[in-house]
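Trainee: Input: one structure, supplied below.
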Amino acid sequence: HIDYTGRLTSYAGASGGNHGDHVAGTVFGAGNLDPRGRGMSPGAEIAYFSYSNSNGIYLQGADTMYSNMGVRITQSSYSNGNNAGYTSLCREMDKDIRQNRALMHVFSAGNSGTSNFGYGAGAGWGNITGGHKQGKNVIATANMTWDDQLANSSSRGPAYDGRIKPDVGAVGTDVYSSVQPQGYASFTGTSMACPGVSGTLASLYQAYKDNNSQAEPDGGLMKAILMNSAEDVGNAGPDFKHGYGRINALRAVEAIQDHQHYTDSIIQGATDTIQIPIGSNLAELRVMVYWTDPEANVLASRALINNLDFTLYGPSSSSWKPWVLDPTPNATLLNAPAVRTTDTLNNAEQVTITNPVSGDYNVVITGTSIPTGPQKYYVVYTLVENEIKVTHPIG
């Protein structure tokens with residue numbers, strides 16, 4: 001396609017069908033024939049690989065792609081099992097990101113939103129399509145419509161062990177992108193939402209470099225910024241349908257430009273404090289602590305290895321715990337809003353405060369259980385100003 005000229009290198013021959021072409025265009029299409037078909041990161045370059053080899057080995061070679069080709073973000077809109085648990089592929093994905101500092105794997109959550117894959121709550125819950133998508137360190141993407149509604153087909157969480165999945169949502173309904181031979185079409189699915197996230201991430205990586213003397217960001221930091229800056233939709237706080245919400249690229253870029261993030265490390269039993277000065281007239285303050293967790297054993301009943309906890313203390317001695325969801329396999333409980341308590345499952349924890357008073361806020365992080373340490377972590381904060389929300393239903 002003319003939209004890819006000079007920026008795509010294929011290591012797998014021709015793409016079969018329009019699915020891959022449409023996904024690629026959403027990531028990096030130039031919109032040469034039709035500007036409406038322009039992708040999220042039209043200056044990016046793509047290396048195209050087969051999803052699996054003849055032995056059924058999926059997405060291997062990330063270390064080589066990272067070191068020899070400069071690959072920083074992988075994009076895959078394929079499934080691999082149904083609520084499959086912590087598979088060997090899931091372990092590999094988490095390990096890739098831990099070993100390659102700037103890497104991030106981005107996946108579709110799946111199009112099985114009404115299916116029953118045996119989580120225990122009946123149809124409509126626990127139907128993420130693939131073990132690799134349930135990794136702690138990866139991003140799984142829900143399918144949103146243009147008016148911020150969840151597509152009925154979009155797969156829901158939790159992950160097999162109760163963790164929050166999907167991580168974020170993006171527009172995946174009636175997405176206009178490139179198809180062969182030199183055309184454009186509108187497709188729908190989490191396959192279309194996923195490249196919206198990976199393409200946006202590519203632009204955010206560039207924004208980070210532009211604001212940090214061309215230094216590369218950690219993949220885990222970028223994931224945290226993306227989640228914490230997302231537009232909260234559905235229930236207040238995170239939920240098992242949208243994750244932390246629909247991505248908001250402008251808000252994420254502003255957090256990068258204003259350096260609203262910290263990086264540190266912690267050991268077992270230690271406590272760290274990070275102070276954040278907050279001004280007045282804010283609609284919301286969001287604070288997230290995130291860490292790239294070590295990979296678990298295959299088929300582990302609980303994926304989390306290192307457990308960090310944090311409490312946010314305000315200027316008037318008020319305190320807030322992170323939002324936590326109830327993963328009990330019951331449809332009513334899974335659909336209930338998050339509550340403030342201690343999180344023992346996830347490697348992302350978020351506190352939000354509506355209309356915060358000005359002053360200094362202290363993020364107090366505790367190394368509750370760190371058998372494999374020290375553990376590097378990120379603190380990101382987002383200042384949400386009073387905004388007028390406008391929906392632009394373009395397709």
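Trainee: Evaluate the distance, in nm, between pseudo-label points positioned 7 Å from the Cα of His259 and of Gln99 along their respective Cα→Cβ axes.
Mentor: Reported label-point gap for His259 and Gln99 is 3.4 nm.
Trainee: Moving on to the next point. How fast does the chain diffuse by Stokes-Einstein, in µm²/s, taking the Kirkwood radius from C-alpha pairs at 4 °C and 1.567 mPa s?
Mentor: Values: Rh = 21.1 Å.
D, rounded to a whole number, is 62 µm²/s.
Trainee: In whole Å, what is the distance between the alpha-carbon centres of segment 163-239 and segment 73-87?
Mentor: 17 Å
Trainee: Here's another thing I want to ask about it. Evaluate the distance, in nm, between pseudo-label points positioned 7 Å from the Cα of Arg302 and of Asn212 along their respective Cα→Cβ axes.
Mentor: Using points 7 Å along Cα→Cβ, the separation is 3.2 nm.
Trainee: State which helices in the chain qualify, where a helix is a whole DSSP H run, it must extend 20 Å or more along its own axis by its Cα atoms, and its mean Kyte-Doolittle hydropathy must be at least 0.0.
Mentor: Length and hydropathy pass: 190-210.
Trainee: Go from 0 up to the bin containing the longest alpha carbon distance in segment 43-169, width 5 Å each, and give me the % of pairs per bin.
Mentor: Spelled out per bin, shortest first, that is 2, 11, 21, 22, 18, 13, 8, 3, 1, 0.
Trainee: What are the equivalent ellipsoid semi-axes of segment 226-275, built from the alpha-carbon gyration tensor (square roots of five times its eigenvalues), in whole angstrom, biggest first?
Mentor: 26, 18, 8
Trainee: When you take every Cα atom in segment 85-128, what is the radius of gyration, and what is Dmax, the widest Cα pair distance, in Å?
Mentor: In order Rg, Dmax, the Cα atoms of segment 85-128 give 13.7, 38 Å.
Trainee: Kindly state, to the nearest 0.05, the FRET efficiency for Ser88 paired with Thr342, given R0 = 30 Å and r defined as their beta-carbon distance.
Mentor: After rounding, the FRET efficiency stands at 0.45.
Trainee: If DNA, RNA and ligands are ignored and the probe is 1.4 Å, what is the ranking of Asp3, Asp148, Asp360 by accessible area, most exposed first?
Mentor: Ranked from most to least accessible, the order is Asp360, Asp148, Asp3.
Trainee: By per-residue mean of other Cβ atoms within 10 Å, what is the highest-first order of 21-31, 7-17, 209-219?
Mentor: Answer by packing, highest mean first, reads 21-31, 209-219, 7-17.
Trainee: Computed on alpha carbon atoms, what radius of gyration and Dmax characterise segment 242-395, expressed in Å?
Mentor: Using the Cα atoms of segment 242-395, the pair Rg, Dmax is 16.9, 52 Å.
Trainee: Now, a different point. Please check: in the Gaussian network model of the chain (C-alpha springs, under 10 Å), which one of Asn143, Asn83, Asn307 has the largest mean-square fluctuation.
Mentor: Asn307
Trainee: On to the next question. At q = 0.14, 0.21, 0.24 Å⁻¹, what base-10 log of I(q)/I(0) does the Debye formula yield for segment 137-244 when every alpha carbon is treated as an equal point scatterer in vacuo?
Mentor: Each listed q corresponds, in turn, to -0.61, -1.09, -1.26.
Trainee: Over all pairs of distinct alpha carbons, what does the Kirkwood formula give as the hydrodynamic radius of segment 1-95, in Å?
Mentor: 14.8 Å
Trainee: Report P(r) for segment 267-352: all Cα-Cα distances, bin width 5 Å, range 0 to the bin holding the largest distance, values in whole percent.
Mentor: 3, 11, 18, 22, 18, 14, 8, 4, 2, 0
Trainee: Express as a percent, rounded to the nearest 5, the fraction of DSSP beta bridges in the chain (both residues included) that run antiparallel.
Mentor: 75 percent
Trainee: So, in nm, how far is label Gln182 from label Ser369 when the simple model puts each one 7 Å beyond its Cα toward the Cβ?
Mentor: 6.0 nm
Trainee: So, one more: Once you have the alpha carbon radius of gyration of segment 104-167, what is it after dividing by 2.2 N^0.38 Å, with N set to its residue count?
Mentor: Dividing the Cα Rg of segment 104-167 by 2.2 N^0.38 Å gives 1.03.
Trainee: Please give the solvent-accessible surface of Ser115 in Å², to the nearest 10, using a probe radius of 1.4 Å with every protein chain present.
Mentor: Estimated to the nearest 10 Å², Ser115 gives 40 Å².
Trainee: Okay, next question. Using a 1.4 Å probe, how large is the accessible area of Phe117, given in Å² and rounded to the nearest 10?
Mentor: Rounded to the nearest 10, that gives 50 Å².
Trainee: Same structure again: Could you run the Karplus curve 6.51 cos²θ - 1.76 cosθ + 1.60 with θ = phi - 60° over segment 324-337 and give me ³J(HN,Hα) per residue in whole Hz, x for Gly and Pro?
Mentor: Whole-Hz 3J(HN,Hα) from phi for segment 324-337: 9, 9, 8, x, 3, x, 9, 4, 5, 5, 5, 8, 6, x.
Trainee: Tell me the mean residue ellipticity at 222 nm calculated for the chain from its helices only (DSSP H runs of n ≥ 4, each -39500 (n - 2.57), averaged over every residue, nearest 500).
Mentor: -5500 deg cm²/dmol
Trainee: What is the chain's relative contact order, in percent, from Cα pairs under 8 angstrom and six or more apart in sequence?
Mentor: RCO, the chain: 17 percent.
Trainee: Can you tell me the convex hull volume per residue for segment 320-387, based on C-alpha atoms, in Å³ to the nearest whole number?
Mentor: It is 128 Å³ per residue.
Trainee: Across 5 Å bins from the origin, how do the percents of Cα pairs in segment 197-322 run, short distances first?
Mentor: 2, 8, 16, 19, 20, 19, 11, 4, 1, 0
Trainee: Further, regarding this structure: Probe 1.4 Å, all protein chains in place: accessible area of Arg38 in Å², nearest 10?
Mentor: 150 Å²
Trainee: Also, quick follow-up: Can you tell me the accessible area per residue over the chain, all protein chains present, probe 1.4 angstrom, in square angstrom? Show your work: numbers first, answer last.
Mentor: Values: 15700 Å² over 395 residues.
Here the per-residue accessible area is 40 Å².
Trainee: Something else now. Can you tell me the alpha carbon radius of gyration of segment 282-323 divided by the globular rule-of-thumb value 2.2 N^0.38 Å?
Mentor: Relative to the 2.2 N^0.38 Å estimate, segment 282-323 comes out at 1.66.
Trainee: Using 0.36 nm times the number of residues separating Thr5 and Asn281, minus their current alpha carbon distance, what extension gain do you get?
Mentor: 94.6 nm
Trainee: May I pose another question? What is the Cα radius of gyration of segment 183-235 over 2.2 N^0.38 Å, N being its residue count? Don't jump to the answer; show the numbers that get you there.
Mentor: Working: Rg = 14.0 Å, N = 53, 2.2 N^0.38 = 9.9 Å.
Dividing the Cα Rg of segment 183-235 by 2.2 N^0.38 Å gives 1.40.
Trainee: Could I ask something else about it? Highest first, please rank the peptides 340-353, 84-97 by the mean number of other Cβ atoms sitting within 10 Å of their residues.
Mentor: Highest-to-lowest ranking by the protection proxy: 84-97, 340-353.
Trainee: Moving to a separate point now. Which whole-number percentage describes the relative contact order of segment 268-395, with Cα contacts under 8 Å and a sequence gap of 6 or more?
Mentor: On the way: 258 pairs, mean separation 59.0, N = 128.
For segment 268-395, the relative contact order is 46 percent.
The values are calculated or read from the model by the stated rules, or taken from the named source; none is laboratory data. Bear in mind the structure is a predicted one, so any value in this text is a computation, not a measurement. For neighbour counting, all protein chains shown are included, and Cβ atoms are generated from backbone atoms with ideal geometry for every residue, glycine included. Heads up: the accessible areas ignore ligands, DNA and RNA and are worked out on the full protein's heavy atoms, side chains in. Shrake-Rupley method; radii C 1.70, N 1.55, O 1.52, S 1.80 Å.
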